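Accompanying notes for the structure given below.
The values are calculated or read from the model by the stated rules, or taken from the named source; none is laboratory data. Here the structure is a predicted model, which means the values were calculated and not measured. With ideal geometry, Cβ positions are generated from the backbone for all residues, glycine too; neighbour counts draw on all protein chains shown.
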Amino acid sequence: MKVNKKRALSLFTGAVLGLGMASSAYSQTSLEDVMKARGLTQKDLLAAAKTYTPTGGRDEYLAFSSGGQSGHVIVYGIPSMRILKYIAVFTPEPWQGYGFDDESKEVLAQGRIDGKDIVFGDTHHPAFSETKGEYNGRFLFINDKANPRIAVIDLHDFETKQIVVNPFFRSAHGGAFVTPNTEYVMDAAQYAAPFGDEFVPLEEFNEKYRGGLTYWKFDDKKGRIEPENSFTFEMPPYSQDLSDAGKGPSEGWGFTNSFCSERYVGGIERGRPPFEAGCSQKDTDFMHVTNWKKAAELVAAGKVKKVNGSYLITMEQAVKEGIFFLIPEPKSPHGVDVSPDGTHIIVSGKLDSHAWVYSWEKIQKAIAAKKFEGKDSYGVPIIAMKDALHTQVQVGLGPLHTQYDSKKCVVYTSIYVDSMVTKWNYCEGKVLDQLHIHYNIGHLVTMEGDSASPDGKYLVSLNKLAIDRFNPVGPLHPQNHQLIDISGDKMQLLYDMPLPLGEPHYVVAIKADKLKPIVRYKSGWNSRADKKSAFKTRAGREKTVRDGSKVDVYGTVIRSHITPEIIEVEEGDTVSLHFTNLERAEDETHGFAMYGQNVNLSIEPGKTVSATFKAEKAGVYPYYCTEFCSALHLEMQGYLLVKPKGYKAKEGKIADGTKYTKADYDKQVKTNVDTQAVIDSVVAFITSHNYKDFSTVVDLVTDATDQLGFAAEAKKKAEGFAAKGDYQNATLWAGQHWQYQVKTADLGLRAKTHLEENGAKKVK
Ligand code: RUQ
Ligand code: CUA
């Protein structure tokens, strides 16, 4: 294929001059016409104006949503509700190469259970790392309910770095919740089970099945959980549910709900009433109150024994040390939410129409006075409800979760059965406003709502059912996240966003300017291990190393070629491909896919990734770049040749399909000279402005300079061949020279546009 270079060049010139196509009919339609045609009201327009984000615009908040059964995390902007990223966590995800490259496979392997690969997760509750109770924008944690695991996502590159498996539990719902300085990440069990690996019949449920709460120790500097320094509270088999960490006066303590404190074990097929009946008989369940500061001191003092290599605080020890208490709470509770100032704890019971506000001051007094109404059957002291309760408020049928506003004492509670959000004042105990949503709200989130200083502003309602809100797409519906304006006295519904990737349970939202993600890695970076890769390869140092039947290919990718372009191995070899992306340009990711080997990589600028596979069958295996990275992206290709055992190479050279002459060479040189003129004019524009004040432009200029360097090398090669009269190679290298020029021009034009759009000043 021959590219029409004249045309390509004229496209550049067009862009330089800023020639745009004027749009016609649409821009002439008045606002009234559009409203009429689409049946929009003034109210709709107001809502649209509050969420619409013009091209190039940014969101004020970023929301991190659990991806439910997908095992991922979904990132979207607020108020635009535009999805920005899926972060692969517990499940392989091809676009990111997650679960395909060797580096991320190692992360997933950390999540194995009994040696078995678990390649999905049921993600529920994301939580940001905190400093003094404020989101610091550094890490995100998320739990897997089905397989009791916690993952650590680094927000400097939005990648999953670590997965830890709970050493005791068989499920975990009450995570992830962090302590105010991210000392610990809380994760509570859900369905009681024996703590060991052994079989225990249900007849021994009360004696041998256990619930619990793990405090995972987090090393903030390394950005990793330390399983060896984490500890678990053994708890009665009460189906521990959500948790939250205390703040301010309650810092050092944790609160965990439970349901089914009846300890019912089901058995519908044996003629026994089902779980749902047996687990909802009592009027109250228990809130579990734990003192993690004291527990950590016990661990540090060597007073806690390790079981299966992990610290376990038995109920007996916790009771003896006075670090574990129970308080009755409304029937089948779900959310437990500590107020931003740490003075109150709000709990709602799914089968009760009240929200219950507990006072930390009262709880503390009861603990200090050892004033208990009794003990449960495991000897855990119970604080009487009346000694702990501040007030209870009728908020609606089926209250679940509560979020805090920036306004003092104001909260929002999700009301599942009534499908609404109730805004109320927990200090005075009165309802302020109610808004119907569609339909069956689960969690809800306010901006920075779990921090010590919530921002209020917006609320997102995570609805369990979408029913008729969107165009029908078959029996399985997307989820519906509804954006609500909470800045005024009355809540106002703004927007419906379908989320079609599993059932998100909880979302946390952070001020966007707290996040400072990188745009490129340091060259040769193993992003999963956060260190320089042993397989880092520099330009010109590509090589293939054979050791017996193991072949290591140290390769590079850059617009628009993969080095090497021909890889030869023998049938039966184990092949490890290692590719480093040499790009420094923003958003110049290259992909790598190969026929029939399940090899699929995402190589972001600076990253080094590997793919290991066994070349079992002789044959020809084309590979190529999967990201449309450049004009000659389709040409970013190569061949893996798997030769039969003992194959003898035939004599002779590879014959080019097309022959070139001096005339071809001269023509190419002329094109290159013309292109250089375009580049020079762009360079003149940039350097005559204060471009150094724009970091984006400085980066682009660095990249462009790189490309020009490559261009110069190619030009030299072309001239060398031309001098020898080898016009075949001379023409091809001159063509390569032009390829680099095109990339330079592309970068230069991006820089120029950026300067023009951001009001750069002329300096000379
Ligand atoms: S869940 S709708 Cu947090 Cu797992 Cu409540
Ligand atoms: Cu690199 Cu397409």
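Tabulated results
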quantity	calculated
Every residue from segment 543-577 that is in contact with a Gly (Cβ under 7 Å, 6 or more places away or on another chain), assigned to a loop (DSSP other than H, G, I, E, B) and within 16 Å of ligand 2 (Cβ to nearest atom)	Pro564, Glu565
Checking Asp197 against (1) at pLDDT 95 or above; (2) in a loop (DSSP other than H, G, I, E, B), the condition it does not meet	(1)
Count of segment 652-669 residues which are surrounded by 12 or more Cβ atoms within 10 Å (Cβ to Cβ) and in a helix (DSSP H, G or I)	7
Options Ile562, Ile510; residue that is touching a strand residue (DSSP E or B) at 6+ places or on another chain (Cβ under 8 Å), touching a residue at least 24 places away in the same chain (Cβ under 8 Å), surrounded by 15 or more Cβ atoms within 10 Å (Cβ to Cβ) and within 18 Å of Phe710 (Cβ to Cβ)	Ile562
Residue match in segment 272-289 (condition: outside any strand (DSSP E or B), in contact with a helix residue (DSSP H, G or I) (Cβ under 7 Å, 6 or more places away or on another chain), more than 16 Å from ligand 2 (Cβ to nearest atom) and touching a residue at least 12 places away in the same chain (Cβ under 8 Å))	no
Selected residue (criterion: surrounded by the most Cβ atoms within 10 Å (Cβ to Cβ)) from residues of segment 609-642 that are within 12 Å of ligand 2 (Cβ to nearest atom) and within 21 Å of Asp102 (Cβ to Cβ)	Cys625
Whichever residue in segment 110-133 is of a type outside the set (Ser, Thr, Tyr) and in a strand (DSSP E or B) and, among such residues, is surrounded by the most Cβ atoms within 10 Å (Cβ to Cβ)	Pro126
Residue within segment 134-148 that is away from ligand 1 (no atom under 16 Å from the Cβ) and out of contact with any strand residue (DSSP E or B) (no Cβ under 7 Å at 6 or more places or on another chain) present	yes
Tally, over segment 415-472, of residues that are among the aliphatic types (A, V, I, L, M), surrounded by fewer than 23 Cβ atoms within 10 Å (Cβ to Cβ) and within 13 Å of ligand 1 (Cβ to nearest atom)	2
Residues (touching a helix residue (DSSP H, G or I) at 6+ places or on another chain (Cβ under 7 Å), among the aliphatic types (A, V, I, L, M) and over 22 Å from Gly657 (Cα atoms)) located in segment 711-738	Ala711
Residues being in contact (Cβ under 8 Å) with a residue 40 or more places away in the chain and under 24 Å from the mean Cα position of the chain (by Cα) - total across segment 37-77	21
Near pairs, Cβ below 9 angstrom, 6+ apart or cross-chain, from segment 671-687 (assigned to a helix (DSSP H, G or I) and hydrophobic (A, V, I, L, M, F, W, C)) to any residue that is surrounded by fewer than 19 Cβ atoms within 10 Å (Cβ to Cβ) and at pLDDT 95 or above	none
Residues of segment 163-176 classified as assigned to a strand (DSSP E or B) and either over 19 Å from the mean Cα position of the chain (by Cα) or surrounded by fewer than 21 Cβ atoms within 10 Å (Cβ to Cβ) (or both), total	2
Some residue of segment 316-333 being under 16 Å from Asp244 (Cα atoms), touching a strand residue (DSSP E or B) at 6+ places or on another chain (Cβ under 9 Å) and acidic (Asp, Glu)	yes
